[in-house]
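Below is one structure, written out as structure tokens; the observations come after it.
The values are calculated or read from the model by the stated rules, or taken from the named source; none is laboratory data. As the structure is a prediction and not an experimental result, all values here were calculated from the model. Backbone-built Cβ (ideal geometry, glycine too); neighbour counts: all protein chains shown.
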Amino acid sequence: MRISIVNKENKQSRQVGFWKYHVLLQKFLTVPGAILLALAGLLFSLIIGVYGSSTGIILLGAIIGIPVVAACMIDMRFGVMFLVTISYFILELKKMVDIPFGVFLDAGILLLFVALLFRQAEEHDWTFADNPISWWILAWILLNILQVINPVAESREAWMYTVRGMAGTIVFYYVILYTLSDFSYLIRLLKLVMGLSFLAGLYSMYQEYFGLPPWEHRWMMSDIETYKLIYQAGRIRLFSFLSDPTTFGIMMAYMVVLCFTLFFGPWKRSTKALLLLGGFVMLLGCFWSGTRTAYIVIPAGVLFVTLLAIAKRQWKIVMLSGGMMLGGLFLINIPTSNNTLYRFQTAFQPSEDRSYQVRLNTQARIKSIVQQHPFGGGLGSCGAWGKRFSPYTVFADIEPDSGYVRVAVELGWVGLIVYMVMLFTAMMMSIKHVMRSRDPAIVNLYMGLAGVIFSLLVANYGQEAIILLPNSIVFYIILAIVVRLKDFDPGYIRNS
């Protein structure tokens, strides 16, 4: 009996091919398949033993990555959601193993964009990208590419390192926009972003009550500047599984604004309960991050949403936001010896905030430099990249402690105008769609999205908020949703 089964397997293997039969059809559940798996395991162990764990991780990534890449190219929606998920966790992986995982994210975005171009080669339909936001994003990308020939720039290598963050990943916006063809997928993508952000807030609770895991503690202690950034006023500023407390705090802040706004939408009670829970957890995470910019973002975002609510006559939002403002005033003025609360209070007292005074001094110092260089000093000419690639220039000594400062210094006042018009267009379009939408759910979603955009614009004044992962990915998702969401409202006023 056993011999006949083996003979049958051999016959089928010859008919369809050895690898296809044992790997694809039988999924290694045969004797030759089991031998192949055992040999692969031994080879994998040998490689790790000889070349170290880093090589093993790269090899494992390749084994998993190749089929994942194929799946992303075939199903772009899966690819978008996979890369969004990866963008949240690659920074935690980098704390474990010093491998530039960000390159893999960039490669994934590039592959999806290539897949989009291949599809458009057949479909010849770019109408999905025919809107003001898309055109200004394209202008921003082209301006950054042209910076490679900036005659003032001292280093082309710095351009290669910097263009990825400034304009490279923004092509992901077009990929996301292309995939948003139905409302159910749009909601799934938004839920994914909010769910991952909520998970980041939950993990910060673990850090607060149980301490940092060994790899995070080792990462914090590995560099004096990182240690000084995280350990302040006798406590650790929490960062969850993101890159630093600033990125984490800003994300928690604008997600609190989003949860606050969506709570008043026409959603199920269970959904509202989750929004309330998520908002509370992320509010705690925001406080624990110790990020003063994030403390400003929440009241600014809530106030902006309140103005939209007044325009749309949604008085419940107005009443609750008024109560929140009173509570905030109480927290700002209450005497305290708590370091976290004291740091929160100083965010609203600029004269006592040394970092704010440093920003004002930087802005005053760069005015003449920006005026004299309409196209700036080139990408990567200031901050850490400037010190590394062009240390003797006037730009290298400027610390870009603001997203707008970096743009002004590196791309000049011409670049700053293009950048500000792009952001203004995004803000204007979100407000326009709030006012023209009629479906209650879509109105509520637009109000929340507009609140997030405004919050990030405010945060970008105090930090480089918009280009930091995964905030940059979230920002592109929000922009794409702002463009597409109106198409699912049959009552939307298209001409007025």
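So which residues in the range 155-200 are more than 23 Å from N471 (Cβ to Cβ) and crowded, with 19+ Cβ neighbours inside 10 Å?
S155
If A167 satisfies every condition in (1) hydrophobic (A, V, I, L, M, F, W, C); (2) assigned to a helix (DSSP H, G or I); (3) farther than 30 Å from D487 by Cβ but one, which is the exception?
All conditions are met except number (3).
Quick one: would you say A300 is touching a Ser or Thr at 6+ places or on another chain (Cβ under 7 Å) and modelled with pLDDT of 90 or more?
yes
List the number of the failed condition for G415; all other conditions in (1) in a loop (DSSP other than H, G, I, E, B); (2) farther than 14 Å from S155 by Cα hold.
The number of the failed condition is (1).
Can you pull out every residue in the range 440-487 that is buried (at least 24 other Cβ atoms within 10 Å of the Cβ) and touching a His at 6+ places or on another chain (Cβ under 6 Å)?
Passing the criteria: only Y446.
Those residues that are closer than 20 Å to L146 by Cβ and in contact with a Pro (Cβ under 8 Å, 6 or more places away or on another chain), I need them from the range 366-409; list them, please.
Hits for the range 366-409 are C382, R406, V409.
Quickly run through the range 69-113 and pick out the residues that are small (G, A, S), buried (at least 16 other Cβ atoms within 10 Å of the Cβ) and in contact with a Phe, Trp or Tyr (Cβ under 7 Å, 6 or more places away or on another chain).
none
Being buried (at least 23 other Cβ atoms within 10 Å of the Cβ), over 15 Å from W159 (Cβ atoms) and either out of contact with any helix residue (DSSP H, G or I) (no Cβ under 6 Å at 6 or more places or on another chain) or of a type in the set (A, V, I, L, M) (or both): is that true of V394 here?
no
Working carefully through the options E208, E216, E225, E154, find the one that is over 30 Å from W126 (Cβ atoms), among the acidic types (D, E) and touching a Ser or Thr at 6+ places or on another chain (Cβ under 7 Å).
From the options E208, E216, E225, E154, the qualifying one is E154.
Condition check ((1) modelled with pLDDT of 80 or more; (2) surrounded by fewer than 19 Cβ atoms within 10 Å (Cβ to Cβ); (3) closer than 20 Å to V257 by Cα) across all residues:
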site	(1), (2), (3)
F330	no, yes, yes
N338	no, yes, no
P350	no, yes, no
H373	yes, no, no
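For the range 248-280, what are the residues that are closer than 24 Å to I466 by Cβ and β-branched (V, I, T)?
Residues satisfying the conditions are I250, V256, V257, T261.
Looking at this structure, is S134 in contact with a Pro (Cβ under 9 Å, 6 or more places away or on another chain) and either modelled with pLDDT of 85 or more or of a type in the set (D, E) (or both)?
no
Filter the helices (runs of 4 or more DSSP H) completely within the range 171-282 down to those with at least 2 residues that are under 15 Å from the mean Cα position of the chain (by Cα) and farther than 16 Å from A294 by Cα.
Output list reads 172-179, 183-210.
Which of the following residues is surrounded by fewer than 22 Cβ atoms within 10 Å (Cβ to Cβ) and under 30 Å from R438 (Cα atoms): A233, A300, A253?
None of the other options fit; the residue is A300.
Regarding L91, is this residue touching a residue at least 12 places away in the same chain (Cβ under 8 Å), farther than 16 Å from V175 by Cα and not hydroxyl-bearing (S, T, Y)?
For L91, the condition - touching a residue at least 12 places away in the same chain (Cβ under 8 Å), farther than 16 Å from V175 by Cα and not hydroxyl-bearing (S, T, Y) - is met.
Matching residues to (1) under 16 Å from the mean Cα position of the chain (by Cα); (2) at positive phi; (3) assigned to a helix (DSSP H, G or I):
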| site | (1), (2), (3) |
| --- | --- |
| V434 | no, no, yes |
| L469 | yes, no, no |
| Y476 | yes, no, yes |
| A480 | yes, no, yes |
| R494 | no, no, no |
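Would you say L229 is modelled with pLDDT under 85 and out of contact with any helix residue (DSSP H, G or I) (no Cβ under 6 Å at 6 or more places or on another chain)?
Yes.
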